[in-house]
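Novice: Handing you this structure, nothing more for now.
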Amino acid sequence: MIGVGDMVLIEPLSEDTFIENLKKRFNHNEIYTYIGSVVISMNPYKSLPIYTAEKVEEYRNRNFYELSPHVYALADEAYRSLREQDKDQCILITGESGAGKTEASKFVMSYVAAVCGKGQEVNKVKEQLLQSNPVLEAFGNAKTVRNDNSSRFGKYMDIEFDFKGDPLGGVISNYLLEKSRVVKQPRGERNFHIFYQLLSGASDDTLKKLKLDRDFSKYNYLSLDSATVNGLDDAASFRTVRNAMQIVGFMEDEVQSILELVAAVLKLGNIEFKPESRCNGYDESRVKDKNDLKEMCELLGIEQSVLERAFSFRTVEAKMEKMSTTLNVAQAQTKSRKKVMGVLDIYGFEIFEDNSFEQFIINYCNEKLQQIFIELTLREEQEEYVREGIEWTNIEYFNNAIICDLIENNKNGILAMLDEECLRPGTVTDETFLDKLNTVCAEHQHFESRQSKNSKFLTDHSLPHNCFRIQHYAGKVLYRVEGFVDKNNDLLYRDLSQAMYKANHSLIKILFPEGNPAKVNLKRPPTAGFQFKASVGTLMKNLLSKNPNYIRCIKPNDKKAAHIFTDSLVCHQVRYLGLMENVRVRRAGYAFRQAYEPCLERYKMLCKQTWPHWKGPARGGVEVLLTDLQVPAEEFAYGRSKIFIRNPRTLFFLEEKRRQCLEDLATLIQKIYRGWKSRTHFLLLKKSQVVVAAWYRRFAQQKKYQNIRSSALVFQSFIRGWKARKLLRELKHKKRCEKAVSTISAYWHGTQVRREYRKFFRANAGKKIYDFTIQRIMQKYFLGLKKMPSMSPVDKSWPARPYGFLDGTHQELRRIFHLWRCKKYRSQFTEEKKATYEEKLAASELFKDKKALYPSSVGQPFKGDYVEMTKNPKYQKLNSFVEDKVLVADVVSKINRANGKVTPRIFLLTKKSLVLADQKTGQVKASVPLLDLSSVSVSTQNDGFFALKLKEGSTSAAKGDFLLSSDRLIEIITKLHCIGATSADRNKINIDISDEFLVQFKQDKVCVKFIQGTPKNGNGVACKRKNNRLLEVSVPSP
């Protein structure tokens, strides 16, 4: 072991050896040292591998001094005392800000969570207890000049356990959150973590909903000089906090409400006021830029006018002044008796350049904790030795009760005078409060001010006029009185609380219950100092009701750096924590003491005379017990009501003997129980064996009978089978004999007949045989055609011709069958399908082997309406213009006659006319009766270009022929041709297929010539006017 693990054993004992031992252990990463049962913890300012799961198992159920000093040893001792001895425990973690108190509390809670019971519900409770830390740190911790994760509030957690030692839940009490940090932070410090975590880690959607921006500089409440901290990942911390809130039990809407409130606080910091003069000569304030106010109201669900008025006006009622009440920080305590372990993690002693009301309250709390330490470890222990009649030499120590009395005395204490100053009528300022302190406390040896020094004819320029100084147990602290009165009042004007209560935000209503008009309270609320004093009193009472365990945290340096040990700083902390006095009391005193009755009850099984019942005084039983165990007399002392044990090893010896004895008793109980259980089991087995044997014999006889019966049946079946097979063989032989006789007889009679009648058939026998053979072949051929080929008209399969002389018949039957199945196929057509096939047939007659575009159109059905005229509301007017049924509706490209440019047009074809309309608006551009159409010209190429030639002299031919292009050219021209062929009142429309033809443009005839090229628009056509007589059309190459 590096150095001395327990300061009680250090030799020689002096302040220098004490500091040197701490330094030696610190330099070797041994940050924990004992003073008896008190743990000294040095902050290493780095991560150490001493908190693993293996370490937890190593310290689990081990004696306190058995292993090297560790915070796990103290946590295990407290947990086992709680579980086995049914003693409520509390762990007091004290030290300066930055000494590592919060981390120590986390390690204690994580250890307790690791060693207690398992189970789904227990694990859930443990996880909730552990995950409460990230939530509390996010909203209550901030970076200060001394600590990057400083607790700006006090936290006391009572963890409740059942009789087995499994956690049931916890109650968290908090003390004096530093509310002033929200609006103002000292230089080099940050606001609470949650503001930076929200802006760094929230998603863009979340920030958009909260009306926030990631830029810290846009918010007045966030200090920019230390917005980012080395080693702190705000984005990752935000994700951890969100997950922790979910585990603790926050619903998603509750989390969103909290984030909205945080965003509203940031918006509130950006609201600025400007002065305005009223007509009556009074000044008033107005909000300068209402944008942040508007967004804040939207987040909280408050009317903007209501909140703006609450910011700018204050309602005052003479003689009936109503003041808002603050929320009570005390948590409700459960009434049912449960085992409780309390963990206190409260702000450390603070000495800043500028100390105000918050530091005064924090240091007062630390004075009270130091007083408890003195009471329980120094004064109470020495007084107990005297009270119990134990020989004892008194050890001098500093008692800070005089400092606590200076602050909390109900008549002349600083808090009492501050409350009196806040409540008295007239002008009340911080200066009047300081004057009162100078009047009442000037003679107190631990109070100093500029006026009190002057009255003693002493000059101290380090004391400003508006300050006072208190000699605390940890050193002198200079307090600036500016803001003491306002912070102690901590009043919220009724207008603001009522405005907040009108919000639609559920969380805001809970936070401002005093704003409810139905619950107006005329009583003046207690001051912040009074509330905190009462809370500290409740805390001290709670701590005194439990068995205390101490962790004294020490900060090795002010630079927050690893491997640096500042002797003077550590020495100062050792002095004011009273650690040297604690060592002296421990060295001179006894490590363990207990009343005679519980001591005898716990260890009576170690002696035959005291087990199982001792008849007589408890002290006599303890004397008999220790004498029987041969414990050396110097290791213990008898008090009036308690037994005192000097060395912890003696206590470990008693506990080990008790453990062995309990194991022996458990073995005896197990032996008797196992004997009874074995006898009962044997009798049950014997009874069961008789029943099983009877049932088995019955089953065996049944099985034997079934086997004999089945064997007889098998034997019988084999005999019957053999007889049946023998009879079958005889019958088959008889039948074969009869058949053989009949065959021989038939052959004989045939021979006789053929011999007799052969002379009659010799003349025409060949012809008859030939006819018979041909007849049989044709019969076989026609029977083979019973399996008919496919009924599909396009199926060309047909059975092979068996003989050459049937070739004509074979082909004729094939033709007849094909005609018949075509007729059957056509009989299934509807009228619409017939018309479609007729159009397809007409297209084949017109374009097959003439137009290169035709083959690609064969497989495409003629749909007709490609623009959905009836469904598209854009073409409703165009649909009403056409009276007849629309046969073709498609988008075509109209080619300009002058320059060859292409314009999309809707092409409509009816039985009487064709119509061209604008594609976007549906406006009719041209309507041509089919009577005016003389012919249609197309090329032989793979293009959709066609020209509609109009009759000369007709009304529609005023501008000339139409040049169009469409991918559905085959369908359009086929339907035009079919309309002309079926109408009796008009001539048939001619279809001209050529790569060069003439068209009429007004008075000019122009030659349209097709050339192969690569048009710019892909598979379309490109037209170019060469001169007044020639139009070249570029079509894609095949």
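The values are calculated or read from the model by the stated rules, or taken from the named source; none is laboratory data. What you see is a predicted model, and the numbers here were worked out from it, not measured in a lab. Cβ placement follows ideal geometry from the backbone for every residue including glycine, while neighbour counts extend to all protein chains displayed. Only protein heavy atoms, including side chains, enter the accessible area calculation; ligands, DNA and RNA are left aside. Shrake-Rupley method; radii C 1.70, N 1.55, O 1.52, S 1.80 Å.
Novice: Identify all residues within the range 899-908 that are crowded, with 21+ Cβ neighbours inside 10 Å and either part of a loop (DSSP other than H, G, I, E, B) or aromatic (Phe, Trp, Tyr) (or both); write none if there are none.
Specialist: Phe907
Novice: A further question on this structure: With Leu569, Leu543 as the choices, which residue is at negative phi and modelled with pLDDT under 85?
Specialist: On the way: Leu569 fails: modelled with pLDDT under 85.
It is Leu543.
Novice: Would you point out the residue of the range 771-789, among those that are of a type outside the set (A, V, I, L, M, F, W, C) and modelled with pLDDT of 80 or more, that is least open to solvent (accessible area, probe 1.4 Å)?
Specialist: Selected residue: Tyr781.
Residue by residue, here is whether (1) touching a helix residue (DSSP H, G or I) at 6+ places or on another chain (Cβ under 7 Å); (2) in contact (Cβ under 8 Å) with a residue 24 or more places away in the chain; (3) buried (at least 17 other Cβ atoms within 10 Å of the Cβ) holds:
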position	(1), (2), (3)
Asp495	yes, yes, yes
Ala499	yes, yes, yes
Lys502	yes, yes, yes
Ser506	yes, yes, no
Lys509	yes, no, no
Ser535	no, yes, yes
Ile554	yes, yes, yes
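Novice: Would you call Ala113 in contact with a helix residue (DSSP H, G or I) (Cβ under 7 Å, 6 or more places away or on another chain), assigned to a helix (DSSP H, G or I), farther than 30 Å from Gln197 by Cα and of a type in the set (Gly, Ala, Ser)?
Specialist: No; evaluated as a whole, the condition is false for this residue.
Novice: Could I ask something else about it? Return yes when Arg659 is open to solvent by 80 Å² or more (accessible area, probe 1.4 Å), more than 30 Å from Arg602 (Cα to Cα) and basic (Lys, Arg) and no when it is not.
Specialist: No: the conditions fail for Arg659.
Novice: Is it the case, given these coordinates, that Leu232 is assigned to a helix (DSSP H, G or I) and either under 27 Å from the mean Cα position of the chain (by Cα) or touching a residue at least 60 places away in the same chain (Cβ under 8 Å) (or both)? Can you show your working first?
Specialist: Working: assigned to a helix (DSSP H, G or I): no; either under 27 Å from the mean Cα position of the chain (by Cα) or touching a residue at least 60 places away in the same chain (Cβ under 8 Å) (or both): yes.
When the stated conditions are applied, Leu232 does not pass them.
Novice: Going by what's in this entry, would Leu878 be described as open to solvent by less than 100 Å² (accessible area, probe 1.4 Å) and either under 21 Å from Asn990 (Cα atoms) or in contact with a Pro (Cβ under 9 Å, 6 or more places away or on another chain) (or both)?
Specialist: Spelling it out, it is not the case that Leu878 is open to solvent by less than 100 Å² (accessible area, probe 1.4 Å) and either under 21 Å from Asn990 (Cα atoms) or in contact with a Pro (Cβ under 9 Å, 6 or more places away or on another chain) (or both).
Novice: Please go through the range 591-648 and give me each residue that is hydroxyl-bearing (Ser, Thr, Tyr) and either surrounded by fewer than 19 Cβ atoms within 10 Å (Cβ to Cβ) or farther than 21 Å from Ser81 by Cα (or both), ordered by number.
Specialist: Thr610, Thr627, Tyr638, Ser641
Novice: Okay, next question. What number of residues within the range 909-933 are open to solvent by 10 Å² or more (accessible area, probe 1.4 Å) and either more than 13 Å from Ile979 (Cα to Cα) or out of contact with any strand residue (DSSP E or B) (no Cβ under 7 Å at 6 or more places or on another chain) (or both)?
Specialist: Looking only at that region, the number is 12.
Novice: May I ask you to verify whether Tyr175 is closer than 30 Å to Ile361 by Cα, modelled with pLDDT of 85 or more and among the hydroxyl-bearing types (Ser, Thr, Tyr)?
Specialist: no
Novice: Go through the range 341-356 and give me each residue that's open to solvent by less than 10 Å² (accessible area, probe 1.4 Å) and either modelled with pLDDT under 75 or of a type outside the set (S, T, N, Q) (or both).
Specialist: Met341, Gly342, Val343, Leu344, Asp345, Ile346, Tyr347, Gly348, Phe349, Glu350
This table checks each residue for (1) buried (at least 20 other Cβ atoms within 10 Å of the Cβ); (2) modelled with pLDDT under 85; (3) among the aliphatic types (A, V, I, L, M).
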residue	(1), (2), (3)
Glu84	no, yes, no
Gly95	yes, yes, no
Ala104	yes, no, yes
Gly119	no, yes, no
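Novice: Of everything in the range 297-308 that's under 14 Å from Leu496 (Cα atoms) and in a helix (DSSP H, G or I), which residue is most open to solvent (accessible area, probe 1.4 Å)?
Specialist: The residue in question is Ser305.
Novice: List the residue pairs whose Cβ atoms are under 7 Å apart, where the first residue sits in the range 71-100 and is within 23 Å of His472 (Cβ to Cβ), the second is of a type in the set (A, V, I, L, M) and in a helix (DSSP H, G or I), and the two are 6 or more positions apart or on different chains.
Specialist: As it stands, the answer is Leu92/Leu369; Leu92/Leu543; Ile93/Ala104; Thr94/Leu369, since those pairs meet every condition given.
Novice: A further question on this structure: Taking the criterion of being open to solvent by less than 30 Å² (accessible area, probe 1.4 Å), closer than 18 Å to Val1021 by Cβ and of a type in the set (Val, Ile, Thr), would at least one residue in the range 889-898 satisfy it?
Specialist: yes
Residue by residue, here is whether (1) in a loop (DSSP other than H, G, I, E, B); (2) closer than 24 Å to Cys365 by Cβ holds:
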| position | (1), (2) |
| --- | --- |
| Met157 | no, yes |
| Gly169 | no, no |
| Ser180 | no, yes |
| Arg214 | yes, no |
| Arg239 | no, no |
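Novice: Also: Of all helices (runs of 4 or more DSSP H) completely enclosed by the range 525-603, which ones contain at least 2 residues that are hydrophobic (A, V, I, L, M, F, W, C) and under 22 Å from Lys368 (Cβ atoms)? Walk me through it before giving the result.
Specialist: Numbers: elements: 528-544, 567-576, 579-588, 596-603.
Of the helices (runs of 4 or more DSSP H) lying wholly inside the range 525-603, those with at least 2 residues that are hydrophobic (A, V, I, L, M, F, W, C) and under 22 Å from Lys368 (Cβ atoms) span 528-544, 579-588.
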